[in-house]
Amino acid sequence: MKKIDTSKFTTYEEFLAEALLDPEFKKEYDALEAEYALIDSLISARLAKKMTQSELARRVGMKQAAIARLEGGDSNPRYSTLAKVAKALDKNVVLA
């Protein structure tokens with residue numbers, strides 16, 4: 001089996017630190033920070049409850065694909081949707 005030289009690989013943290021030196025990249029990164037923080041909170045809350053996307057979807061009255069889109073950042077949910085998902089996770093929607 002061929003051995004791969006991993007010394008040339010960059011960690012995500014190294015990549016991000018270098019990318020953030022670019023003002024345009026940093027502007028876009030900062031603009032998306034709140035969205036990704038929300039997504040991370042939703043996923044973390046679901047996993048803490050040991051729920052699958054399907055189980056959460058059933059509790060909320062949605063399809064699993066809709067939860068996947070929400071967690072993937074591929075949707076623009078209404079507040080009412082976020083509130084229903086949060087309630088199913090015993091959480092509240094808080095704007096900071």
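Please treat every number below as a calculation from the coordinates, not as lab data. Just so we're clear, the structure is a prediction, and the values are computed from it rather than from any experiment. We place every Cβ from the backbone using ideal geometry, glycine too, and count neighbours over all the protein chains shown.
Below is a table of values for the structure above.
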{"quantity": "Percentage relative contact order, the chain, counting C-alpha pairs under 8 Å, at least six apart", "calculated": "20"}
{"quantity": "Ranked list, fewest to most other Cβ atoms within 10 Å of each Cβ, for GLU71, GLU18", "calculated": "GLU18, GLU71"}
{"quantity": "Fewest-first sequence of LEU89, LEU21, LEU56 by Cβ atoms within 10 Å of each Cβ", "calculated": "LEU21, LEU89, LEU56"}
{"quantity": "Cα-based shape type of the range 50-96, given that a ≥ b ≥ c are square roots of the gyration tensor eigenvalues and the cut on a/c is 1.5", "calculated": "oblate"}
{"quantity": "27 Å Cα-Cα threshold exceeded, pairs from LYS27/LYS50; LYS49/LYS84; LYS27/LYS91; LYS3/LYS50; LYS63/LYS91", "calculated": "LYS27/LYS50; LYS27/LYS91; LYS3/LYS50"}
{"quantity": "Protection-proxy order for peptides 63-70, 78-85, each taking the mean of Cβ atoms within 10 Å per residue, highest first", "calculated": "63-70, 78-85"}
{"quantity": "Matching label, Cα Rg over 2.2 N^0.38 Å computed from the structure shown, candidates (i) 1.29; (ii) 1.57; (iii) 1.42", "calculated": "(iii)"}
{"quantity": "Net charge dipole size for the range 3-96 [Lys, Arg +1 and Asp, Glu -1 on Cβ; Debye, nearest 20]", "calculated": "940"}
{"quantity": "Given charges at Cβ of Lys, Arg, Asp, Glu: the chain dipole, positive-most of GLY72, LEU32, LEU20", "calculated": "GLY72"}
{"quantity": "Mean Cα-pair separation over length for the range 41-83, i.e. relative contact order, pairs under 8 Å, 6 or more apart, %", "calculated": "25"}
